[in-house]
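Readers should treat all values here as calculations from the given coordinates under stated rules, not as data from a laboratory. All values reported here derive from a predicted model rather than from experimental measurement. Heads up, the Cβs are rebuilt from the backbone with ideal geometry, glycines too, and the neighbour counts pull from every protein chain shown.
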């Protein structure tokens, strides 16, 4: 059984560099036999949060929100591609995430952060860890931190230079960690219903 992994990305910039990391992750996860799917906040196009999905009467949520809710419910795991904006999370990804709550519960989440600078989005990754835990996900301990992103991945999401080599070496452990927790959570949900 292939792991159904949603790779969530949230940049709205015209020259989006983080999509390189999303592409790298999609390609590498597919090569390992997983079934990843990109969820691009810009393409989904949810408005700034007014009502959460659960606050709409059944069947009355906007179609894009309804479709994404179904994808989240079917997913085995989540991988957040987290850009760092001024020491914090990207507003586009945060807005997309906040539209849902119960849909995220009882599945593992991983964080791959990035930035244009040498801190590689690590500060945003730290913030995301708390956010995702609060939203009912089991956040894995491994984290990828990529930066400067332009010196790590080319336009196709392929590793370049020494930073790219370091990312390629780090990815297998990160992916193994996510795969282990994905399998464990799926088995536990099949064995016993979540407590709420």
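Kindly work out what percent of the DSSP beta bridges joining two residues of the stretch 42-127 are antiparallel, to the nearest 5.
Expressed as a percentage, antiparallel bridges in the stretch 42-127 total about 25.
Among DSSP beta bridges whose residues both lie in the chain, state the antiparallel percentage, nearest 5. Mind showing how you got there, number by number?
Working: 3 of 26 bridges.
Within the chain, antiparallel bridges account for around 10 percent of the total.
For 174, 24, what's the fewest-to-most ordering of other Cβ within 10 Å of each Cβ?
Ordered by Cβ neighbours within 10 Å, fewest first: 174, 24.
Would you mind ranking 44, 139 so that the residue whose beta carbon has the fewest other beta carbons within 10 Å leads the list?
The most exposed by this proxy come first: 44, 139.
What's the exposure ranking of 70, 37, going from fewest to most Cβ atoms within 10 Å?
Ordered by Cβ neighbours within 10 Å, fewest first: 70, 37.
If each of residue 196 and residue 32 carries a label point 7 Å out from its Cα toward its Cβ, how far apart are those two points in nm?
3.2
Residue 169 to residue 13: FRET efficiency via 1/(1 + (r/R0)^6), r the Cβ-Cβ distance, R0 30 Å, to the nearest 0.05? Each step should come with its number before you reach the end.
Details: r = 28 Å, r/R0 = 0.95.
The formula returns an efficiency of 0.60 here.
Determine the distance separating the Cα centre of the stretch 1-74 from the Cα centre of the stretch 107-162; give it in Å without decimals.
Centre-to-centre (Cα) distance: 16 Å.
Suppose each label sits 7 Å from its Cα in the direction of the beta carbon; what would the residue 49-residue 71 distance come out to in nanometres?
Each label point lies 7 Å from its Cα, and together they span 1.9 nm.
Contour minus end-to-end for residue 134 and residue 176, with contour as 0.36 nm per residue of separation and end-to-end as the Cα-Cα distance?
12.8 nm
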